[in-house]
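See below for the structure under consideration.
The values are calculated or read from the model by the stated rules, or taken from the named source; none is laboratory data. In this text, all values refer to a predicted model and were calculated from it rather than measured experimentally. Because the Cβ atoms are built from the backbone with ideal geometry, glycine has one as well, and the counts that use them run over all protein chains shown. Surface areas here come from the heavy atoms of the whole protein model, side chains and all, with no ligands, DNA or RNA. Shrake-Rupley method; radii C 1.70, N 1.55, O 1.52, S 1.80 Å.
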Amino acid sequence: SDASTSTDIAIIGAGPVGLFAVFEAGMLGLKSHVIDALGMVGGQCSALYPEKPIFDIPAHPQIAGQDLIDQLAKQAAPFEPTYHLGQQVTKLEKRDDGRFTLTTSTGKVIDAGAVVIAAGCGAFGPNKPPMDGLDDYEDSGGVQYYVKRRADFAGKKVVIAGGGDSAVDWALSLHDVAEKVMVVHRRPKFRAAPDSSAKLQALAEAGKIEMVIPYQLKGLRGENGVLSHVVVATLKGEERELEADHLLPFFGLAMELGPIADWGLNVDKNHIGVTQATMETSVPGIFAIGDIAHYEHKLKLILSGFAEGASAIHAARSYLFPDKEFHFEYSTTTGVPNE
Ligand code: FAD
(Lines give C-alpha, C1' and ligand atoms only; values in the text may rest on other atoms or scores of the structure.)
Protein backbone atom coordinates (compact mmCIF):
# COMPACT_ATOMS: atom_id res chain seq x y z
CA SER A 1 0.00 0.00 0.00
CA ASP A 2 0.95 3.65 -0.46
CA ALA A 3 3.44 4.65 2.23
CA SER A 4 1.93 8.08 2.73
CA THR A 5 -1.38 6.57 3.83
CA SER A 6 0.05 3.73 5.87
CA THR A 7 0.09 4.23 9.63
CA ASP A 8 0.38 2.47 12.97
CA ILE A 9 -2.90 3.79 14.31
CA ALA A 10 -5.93 5.16 12.46
CA ILE A 11 -8.08 7.30 14.73
CA ILE A 12 -11.64 7.85 13.55
CA GLY A 13 -12.84 11.16 15.00
CA ALA A 14 -10.85 14.29 15.85
CA GLY A 15 -12.85 15.28 18.91
CA PRO A 16 -11.08 15.92 22.23
CA VAL A 17 -10.71 12.21 22.89
CA GLY A 18 -9.29 11.35 19.46
CA LEU A 19 -6.82 14.23 19.73
CA PHE A 20 -5.51 13.09 23.10
CA ALA A 21 -5.13 9.55 21.73
CA VAL A 22 -2.74 10.99 19.12
CA PHE A 23 -0.56 12.24 21.96
CA GLU A 24 -0.68 8.94 23.82
CA ALA A 25 0.22 7.06 20.63
CA GLY A 26 3.10 9.42 20.00
CA MET A 27 4.47 8.82 23.49
CA LEU A 28 4.66 5.10 22.67
CA GLY A 29 6.38 5.80 19.37
CA LEU A 30 3.29 5.13 17.25
CA LYS A 31 2.24 7.28 14.27
CA SER A 32 -1.37 8.35 13.88
CA HIS A 33 -3.64 9.28 11.03
CA VAL A 34 -6.85 11.00 12.13
CA ILE A 35 -10.00 11.18 10.01
CA ASP A 36 -12.99 13.44 10.68
CA ALA A 37 -16.16 14.17 8.78
CA LEU A 38 -15.98 17.81 9.86
CA GLY A 39 -13.69 20.23 8.09
CA MET A 40 -11.93 21.02 11.38
CA VAL A 41 -10.72 19.20 14.47
CA GLY A 42 -12.49 19.48 17.82
CA GLY A 43 -15.66 17.36 17.62
CA GLN A 44 -18.52 18.55 19.82
CA CYS A 45 -16.34 21.13 21.65
CA SER A 46 -15.58 23.07 18.47
CA ALA A 47 -18.81 22.42 16.59
CA LEU A 48 -21.34 22.85 19.37
CA TYR A 49 -19.87 24.98 22.17
CA PRO A 50 -16.56 26.66 21.20
CA GLU A 51 -17.06 29.57 23.57
CA LYS A 52 -18.71 27.81 26.50
CA PRO A 53 -16.48 27.25 29.51
CA ILE A 54 -15.95 23.65 30.64
CA PHE A 55 -15.36 23.31 34.39
CA ASP A 56 -14.38 19.67 34.84
CA ILE A 57 -11.13 19.32 32.94
CA PRO A 58 -8.42 18.48 35.50
CA ALA A 59 -6.07 21.41 36.24
CA HIS A 60 -8.26 23.84 34.26
CA PRO A 61 -10.68 25.52 36.67
CA GLN A 62 -12.35 26.63 33.47
CA ILE A 63 -11.51 26.45 29.80
CA ALA A 64 -13.59 27.31 26.71
CA GLY A 65 -14.41 24.43 24.35
CA GLN A 66 -12.25 25.78 21.52
CA ASP A 67 -9.35 26.62 23.85
CA LEU A 68 -9.32 23.02 25.10
CA ILE A 69 -9.17 21.79 21.51
CA ASP A 70 -6.38 24.23 20.60
CA GLN A 71 -4.34 22.95 23.56
CA LEU A 72 -4.98 19.30 22.70
CA ALA A 73 -3.95 19.88 19.07
CA LYS A 74 -0.80 21.62 20.30
CA GLN A 75 -0.02 18.74 22.67
CA ALA A 76 -0.41 16.27 19.77
CA ALA A 77 1.52 18.36 17.23
CA PRO A 78 5.09 17.19 18.10
CA PHE A 79 4.07 13.71 16.96
CA GLU A 80 3.10 15.02 13.51
CA PRO A 81 -0.25 13.32 13.06
CA THR A 82 -1.77 13.34 9.57
CA TYR A 83 -5.29 14.78 9.53
CA HIS A 84 -7.80 13.78 6.86
CA LEU A 85 -10.62 16.25 7.43
CA GLY A 86 -13.93 16.78 5.69
CA GLN A 87 -14.36 13.07 5.02
CA GLN A 88 -16.23 10.29 6.70
CA VAL A 89 -14.78 6.82 7.16
CA THR A 90 -17.30 4.76 5.26
CA LYS A 91 -15.58 1.36 5.23
CA LEU A 92 -13.41 -0.49 7.73
CA GLU A 93 -12.12 -3.94 6.86
CA LYS A 94 -9.80 -6.28 8.73
CA ARG A 95 -7.37 -8.03 6.43
CA ASP A 96 -5.92 -11.52 6.73
CA ASP A 97 -2.59 -10.07 7.87
CA GLY A 98 -4.35 -8.55 10.89
CA ARG A 99 -4.05 -4.98 9.60
CA PHE A 100 -6.94 -2.76 8.55
CA THR A 101 -8.11 -0.95 5.43
CA LEU A 102 -10.15 2.21 5.92
CA THR A 103 -11.92 3.93 3.05
CA THR A 104 -13.27 7.46 3.27
CA SER A 105 -16.13 9.24 1.53
CA THR A 106 -13.63 11.09 -0.68
CA GLY A 107 -12.10 7.79 -1.80
CA LYS A 108 -8.96 7.92 0.35
CA VAL A 109 -7.65 4.49 1.39
CA ILE A 110 -5.68 4.20 4.63
CA ASP A 111 -3.75 1.15 5.78
CA ALA A 112 -3.50 0.90 9.58
CA GLY A 113 -2.04 -1.54 12.07
CA ALA A 114 -4.77 -0.83 14.61
CA VAL A 115 -7.90 1.32 14.69
CA VAL A 116 -9.20 3.56 17.44
CA ILE A 117 -12.80 4.70 17.01
CA ALA A 118 -13.33 8.03 18.81
CA ALA A 119 -16.43 8.91 16.84
CA GLY A 120 -18.59 10.49 19.58
CA CYS A 121 -22.22 10.24 18.56
CA GLY A 122 -21.25 9.69 14.96
CA ALA A 123 -20.24 11.88 12.07
CA PHE A 124 -21.31 15.48 12.04
CA GLY A 125 -23.05 16.76 8.99
CA PRO A 126 -25.29 19.70 8.21
CA ASN A 127 -29.07 19.32 8.44
CA LYS A 128 -30.01 19.93 4.82
CA PRO A 129 -33.24 21.65 3.86
CA PRO A 130 -35.74 19.29 2.21
CA MET A 131 -35.44 20.49 -1.37
CA ASP A 132 -34.40 18.98 -4.66
CA GLY A 133 -31.22 19.72 -6.54
CA LEU A 134 -28.98 20.73 -3.61
CA ASP A 135 -26.21 18.41 -4.83
CA ASP A 136 -26.14 20.18 -8.18
CA TYR A 137 -24.84 23.34 -6.50
CA GLU A 138 -22.72 21.98 -3.64
CA ASP A 139 -19.54 21.34 -5.62
CA SER A 140 -19.52 24.80 -7.20
CA GLY A 141 -20.03 26.45 -3.80
CA GLY A 142 -23.45 27.76 -4.89
CA VAL A 143 -24.85 26.02 -1.83
CA GLN A 144 -22.63 25.94 1.28
CA TYR A 145 -23.34 24.76 4.80
CA TYR A 146 -20.23 26.23 6.43
CA VAL A 147 -18.53 29.49 5.56
CA LYS A 148 -14.92 28.66 4.85
CA ARG A 149 -13.72 31.99 3.52
CA ARG A 150 -15.64 35.21 3.98
CA ALA A 151 -13.79 36.70 0.99
CA ASP A 152 -15.55 34.23 -1.36
CA PHE A 153 -18.72 36.27 -0.89
CA ALA A 154 -17.25 39.63 -1.87
CA GLY A 155 -19.61 41.36 -4.30
CA LYS A 156 -22.02 38.39 -4.29
CA LYS A 157 -25.74 38.09 -3.70
CA VAL A 158 -26.19 35.77 -0.74
CA VAL A 159 -29.33 34.13 0.58
CA ILE A 160 -29.01 32.95 4.20
CA ALA A 161 -31.69 30.63 5.55
CA GLY A 162 -32.37 29.80 9.19
CA GLY A 163 -33.24 31.49 12.44
CA GLY A 164 -30.44 30.50 14.83
CA ASP A 165 -27.08 31.94 15.78
CA SER A 166 -25.25 30.76 12.66
CA ALA A 167 -27.77 32.36 10.29
CA VAL A 168 -27.82 35.64 12.18
CA ASP A 169 -24.07 35.82 12.84
CA TRP A 170 -23.21 35.13 9.20
CA ALA A 171 -25.76 37.66 7.97
CA LEU A 172 -24.10 40.27 10.21
CA SER A 173 -20.63 39.24 9.11
CA LEU A 174 -21.25 38.90 5.36
CA HIS A 175 -23.30 42.06 4.82
CA ASP A 176 -20.02 44.03 4.91
CA VAL A 177 -18.47 42.13 2.00
CA ALA A 178 -21.43 40.84 -0.03
CA GLU A 179 -23.29 42.92 -2.59
CA LYS A 180 -26.55 41.86 -1.02
CA VAL A 181 -27.60 39.69 1.92
CA MET A 182 -31.12 38.26 2.18
CA VAL A 183 -32.29 36.37 5.26
CA VAL A 184 -35.03 33.78 4.75
CA HIS A 185 -36.86 32.71 7.91
CA ARG A 186 -40.27 31.24 8.46
CA ARG A 187 -41.21 33.59 11.29
CA PRO A 188 -40.23 37.06 12.54
CA LYS A 189 -38.67 35.77 15.75
CA PHE A 190 -35.05 34.53 15.72
CA ARG A 191 -33.54 32.04 18.15
CA ALA A 192 -30.17 33.78 18.10
CA ALA A 193 -28.54 35.71 20.94
CA PRO A 194 -30.75 38.79 21.64
CA ASP A 195 -27.88 41.16 21.01
CA SER A 196 -27.19 39.69 17.53
CA SER A 197 -30.90 39.59 16.66
CA ALA A 198 -31.17 43.27 17.56
CA LYS A 199 -28.21 44.11 15.31
CA LEU A 200 -29.83 42.19 12.45
CA GLN A 201 -33.09 44.07 12.98
CA ALA A 202 -31.26 47.40 12.92
CA LEU A 203 -29.46 46.54 9.66
CA ALA A 204 -32.76 45.41 8.14
CA GLU A 205 -34.42 48.68 9.11
CA ALA A 206 -31.50 50.61 7.61
CA GLY A 207 -32.05 48.70 4.36
CA LYS A 208 -28.66 46.97 4.54
CA ILE A 209 -30.02 43.43 4.84
CA GLU A 210 -33.25 42.21 3.23
CA MET A 211 -35.48 40.13 5.46
CA VAL A 212 -37.51 37.55 3.55
CA ILE A 213 -40.10 36.61 6.20
CA PRO A 214 -42.25 34.49 6.61
CA TYR A 215 -40.81 32.37 3.82
CA GLN A 216 -39.28 28.93 3.52
CA LEU A 217 -36.90 27.49 0.97
CA LYS A 218 -38.68 25.88 -1.94
CA GLY A 219 -36.30 25.38 -4.85
CA LEU A 220 -33.18 26.36 -6.74
CA ARG A 221 -32.71 27.71 -10.26
CA GLY A 222 -29.52 27.80 -12.24
CA GLU A 223 -27.55 26.18 -15.00
CA ASN A 224 -24.53 23.87 -15.10
CA GLY A 225 -24.15 23.98 -11.35
CA VAL A 226 -24.17 27.77 -11.24
CA LEU A 227 -26.90 29.10 -9.00
CA SER A 228 -29.01 32.02 -10.25
CA HIS A 229 -32.14 32.07 -8.08
CA VAL A 230 -33.45 30.73 -4.80
CA VAL A 231 -37.20 30.12 -4.82
CA VAL A 232 -38.99 30.70 -1.52
CA ALA A 233 -42.63 30.28 -0.55
CA THR A 234 -44.99 31.16 2.29
CA LEU A 235 -47.15 28.51 3.92
CA LYS A 236 -50.04 29.82 1.77
CA GLY A 237 -47.99 29.08 -1.33
CA GLU A 238 -47.05 32.62 -2.34
CA GLU A 239 -43.71 32.35 -4.11
CA ARG A 240 -40.79 34.67 -4.65
CA GLU A 241 -37.64 34.20 -6.70
CA LEU A 242 -34.56 35.72 -5.12
CA GLU A 243 -31.66 36.43 -7.44
CA ALA A 244 -28.65 34.84 -5.74
CA ASP A 245 -25.11 33.56 -6.28
CA HIS A 246 -25.06 31.61 -3.03
CA LEU A 247 -27.45 29.90 -0.67
CA LEU A 248 -26.24 29.31 2.88
CA PRO A 249 -28.74 27.11 4.75
CA PHE A 250 -28.01 27.08 8.50
CA PHE A 251 -30.29 24.48 10.05
CA GLY A 252 -27.88 23.04 12.59
CA LEU A 253 -25.76 19.94 12.67
CA ALA A 254 -26.95 16.38 12.75
CA MET A 255 -24.95 13.46 14.07
CA GLU A 256 -25.32 9.98 12.74
CA LEU A 257 -23.49 6.78 13.52
CA GLY A 258 -23.93 5.91 9.86
CA PRO A 259 -21.49 3.39 8.43
CA ILE A 260 -20.00 2.45 11.84
CA ALA A 261 -23.08 0.34 12.48
CA ASP A 262 -22.11 -1.90 9.54
CA TRP A 263 -18.57 -2.81 10.61
CA GLY A 264 -19.47 -5.98 12.46
CA LEU A 265 -18.83 -4.47 15.89
CA ASN A 266 -20.89 -4.96 19.01
CA VAL A 267 -23.12 -1.89 18.45
CA ASP A 268 -26.11 -1.24 20.67
CA LYS A 269 -28.16 1.98 20.69
CA ASN A 270 -25.46 4.00 18.90
CA HIS A 271 -22.69 2.83 21.23
CA ILE A 272 -19.91 0.29 20.80
CA GLY A 273 -19.46 -2.22 23.58
CA VAL A 274 -15.85 -2.60 24.79
CA THR A 275 -13.80 -4.37 27.43
CA GLN A 276 -13.07 -1.53 29.81
CA ALA A 277 -9.49 -2.49 30.73
CA THR A 278 -8.30 -2.33 27.11
CA MET A 279 -11.15 -0.50 25.34
CA GLU A 280 -11.02 -3.25 22.75
CA THR A 281 -14.18 -3.94 20.76
CA SER A 282 -15.43 -7.38 19.76
CA VAL A 283 -12.88 -7.25 16.90
CA PRO A 284 -9.25 -7.58 18.07
CA GLY A 285 -7.23 -4.57 16.93
CA ILE A 286 -10.24 -2.23 16.85
CA PHE A 287 -10.66 -0.07 19.95
CA ALA A 288 -13.39 2.44 20.85
CA ILE A 289 -13.01 5.40 23.23
CA GLY A 290 -14.89 8.53 24.29
CA ASP A 291 -18.62 9.08 23.92
CA ILE A 292 -19.11 6.19 21.52
CA ALA A 293 -17.61 3.54 23.82
CA HIS A 294 -19.79 1.70 26.28
CA TYR A 295 -19.12 -0.43 29.36
CA GLU A 296 -20.81 -0.76 32.71
CA HIS A 297 -21.02 2.53 34.65
CA LYS A 298 -19.54 4.49 31.75
CA LEU A 299 -19.33 8.25 32.35
CA LYS A 300 -19.69 10.25 29.15
CA LEU A 301 -17.15 12.87 30.09
CA ILE A 302 -14.10 14.25 28.34
CA LEU A 303 -11.89 13.29 31.27
CA SER A 304 -13.00 9.64 31.07
CA GLY A 305 -12.27 9.71 27.34
CA PHE A 306 -8.69 10.82 28.00
CA ALA A 307 -8.02 7.86 30.30
CA GLU A 308 -9.76 5.50 27.86
CA GLY A 309 -7.41 6.79 25.15
CA ALA A 310 -4.37 5.89 27.24
CA SER A 311 -5.72 2.37 27.90
CA ALA A 312 -6.63 1.82 24.24
CA ILE A 313 -3.27 2.99 22.91
CA HIS A 314 -1.33 0.75 25.30
CA ALA A 315 -3.50 -2.19 24.24
CA ALA A 316 -3.12 -1.25 20.56
CA ARG A 317 0.65 -1.26 21.03
CA SER A 318 0.47 -4.83 22.34
CA TYR A 319 -1.72 -5.76 19.38
CA LEU A 320 0.84 -4.27 16.96
CA PHE A 321 3.93 -5.65 18.68
CA PRO A 322 2.86 -8.69 20.70
CA ASP A 323 6.42 -9.95 21.09
CA LYS A 324 8.08 -6.69 22.05
CA GLU A 325 8.72 -6.26 25.71
CA PHE A 326 7.47 -2.95 27.00
CA HIS A 327 8.97 -0.82 29.75
CA PHE A 328 6.51 1.62 31.16
CA GLU A 329 7.94 5.11 31.49
CA TYR A 330 6.58 8.40 32.80
CA SER A 331 6.39 11.41 30.49
CA THR A 332 8.66 13.20 32.96
CA THR A 333 11.34 10.64 32.09
CA THR A 334 10.87 10.46 28.33
CA GLY A 335 9.87 14.04 27.54
CA VAL A 336 8.32 14.81 24.14
CA PRO A 337 10.05 15.58 20.81
CA ASN A 338 11.35 19.14 20.27
CA GLU A 339 10.83 20.19 23.86
P1 FAD B 1 -16.89 14.02 19.75
O2 FAD B 1 -16.49 15.27 20.40
O3 FAD B 1 -18.33 13.78 19.53
O4 FAD B 1 -16.11 13.91 18.37
C5 FAD B 1 -16.35 12.83 17.51
C6 FAD B 1 -15.91 13.19 16.11
O7 FAD B 1 -15.93 12.01 15.30
C8 FAD B 1 -16.82 14.19 15.41
O9 FAD B 1 -16.06 15.32 15.03
C10 FAD B 1 -17.39 13.41 14.21
O11 FAD B 1 -17.53 14.22 13.05
C12 FAD B 1 -16.32 12.34 14.01
N13 FAD B 1 -16.84 11.13 13.34
C14 FAD B 1 -17.82 10.30 13.74
N15 FAD B 1 -18.00 9.29 12.89
C16 FAD B 1 -17.10 9.46 11.91
C17 FAD B 1 -16.78 8.75 10.72
N18 FAD B 1 -17.40 7.63 10.37
N19 FAD B 1 -15.80 9.26 9.93
C20 FAD B 1 -15.16 10.41 10.25
N21 FAD B 1 -15.41 11.11 11.37
C22 FAD B 1 -16.37 10.65 12.18
N23 FAD B 1 -18.21 17.00 28.62
C24 FAD B 1 -17.49 17.24 29.76
O25 FAD B 1 -16.67 16.42 30.16
N26 FAD B 1 -17.68 18.39 30.47
C27 FAD B 1 -18.57 19.36 30.07
O28 FAD B 1 -18.73 20.38 30.76
C29 FAD B 1 -19.31 19.14 28.87
N30 FAD B 1 -20.20 20.07 28.40
C31 FAD B 1 -20.86 19.84 27.22
C32 FAD B 1 -21.73 20.83 26.73
C33 FAD B 1 -22.43 20.63 25.56
C34 FAD B 1 -23.35 21.70 25.03
C35 FAD B 1 -22.26 19.40 24.85
C36 FAD B 1 -23.00 19.15 23.57
C37 FAD B 1 -21.40 18.42 25.34
C38 FAD B 1 -20.71 18.63 26.54
N39 FAD B 1 -19.83 17.66 27.03
C40 FAD B 1 -19.11 17.93 28.17
C41 FAD B 1 -19.64 16.36 26.37
C42 FAD B 1 -18.34 16.35 25.57
O43 FAD B 1 -18.34 17.38 24.60
C44 FAD B 1 -18.19 14.97 24.93
O45 FAD B 1 -18.09 14.01 25.96
C46 FAD B 1 -16.92 14.94 24.08
O47 FAD B 1 -16.98 15.86 23.01
C48 FAD B 1 -16.72 13.52 23.53
O49 FAD B 1 -15.54 13.55 22.79
P50 FAD B 1 -15.26 12.48 21.65
O51 FAD B 1 -13.91 12.85 21.14
O52 FAD B 1 -15.53 11.13 22.19
O53 FAD B 1 -16.38 12.72 20.54
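In the chain, helical runs assigned H by DSSP with n ≥ 4 each contribute -39500 (n - 2.57); averaged across all residues and rounded to the nearest 500, the mean residue ellipticity at 222 nm is -7000 deg cm²/dmol. Near Ala64: Cβ cut-off under 13 Å, other residues only, Lys/Arg at +1 and Asp/Glu at -1. The net charge is -2. With axes computed from alpha carbons, what is the tilt in degrees of helix 16-27 against the longest principal axis of the chain, rounded to the nearest 10 within 0 to 90? Rounded to the nearest ten degrees, it is 30. Between beta-carbons, use under 14 Å as the cut-off and find the net charge around Pro130, counting Lys and Arg +1, Asp and Glu -1. Its environment carries a net charge of +1. In this simple spin-label model, placing a label point 7 Å from the Cα along the Cα-to-Cβ direction at both Lys189 and Thr275 gives a separation of 5.4 nm. Only Cα sites of the range 198-339 enter the Debye sum here, all with the same form factor; the resulting log10 I(q)/I(0) across q = 0.12, 0.17, 0.20 1/Å is -0.74, -0.98, -1.25, listed in q order.
Between Lys52 and Tyr146, the FRET efficiency estimated from the beta carbon spacing at R0 = 25 angstrom works out to 0.80.
Average accessible surface for the range 134-251: 53 Å² per residue, computed with a 1.4 Å probe over protein heavy atoms with every protein chain in place. Considering only beta bridges that DSSP places wholly inside the range 1-83, some 35 percent are antiparallel.
Computed over the chain, the convex hull of the alpha-carbon atoms projects to a mean area of 20.6 nm².
Please report the antiparallel percentage of DSSP beta bridges with both residues in the range 134-251, rounded to the nearest 5. Just about 50 percent of them are antiparallel.
Take the Cβ-Cβ distance between Ala206 and Thr90 as r, set R0 to 56 Å, and report the resulting FRET efficiency rounded to the nearest 0.05. Once the sixth-power term is evaluated, E becomes 0.75. Quantify, in whole percent, the carbon and sulfur part of the accessible surface of the chain (1.4 Å probe; protein heavy atoms only). Ligands and nucleic acids excluded, carbon and sulfur give 50 percent. With the Kirkwood sum run over all distinct C-alpha pairs, the range 265-339 has a hydrodynamic radius of 13.6 Å.
In the range 134-251, the ratio of gyration radius to Kirkwood radius, Rg to Rh, stands at 0.94 when only Cα atoms are counted.
Amide H contacts under 5 Å for Ser228: Arg221, Gly222, Glu223, restricted to partners 5 or more places along the chain or on a different chain, H placed in the peptide plane at 1.01 Å from N.
Judged by the mean number of other Cβ atoms found within 10 Å, the most tightly packed of the peptides 99-105, 181-187, 11-17 leads the ranking 11-17, 181-187, 99-105.
Taking 19 Å as the limit for the C-alpha separation, the pairs Lys91/Lys300; Lys94/Lys269; Lys128/Lys180; Lys128/Lys156; Lys157/Lys208; Lys31/Lys324 exceed it in the case of Lys91/Lys300; Lys94/Lys269; Lys128/Lys180; Lys128/Lys156.
Tilt of helix 165-174 relative to the longest C-alpha principal axis of the chain, in degrees (0 to 90, nearest 10)? Around 70 degrees separate the two axes. Please report the antiparallel percentage of DSSP beta bridges with both residues in the chain, rounded to the nearest 5. Percentage antiparallel, nearest 5: 50.
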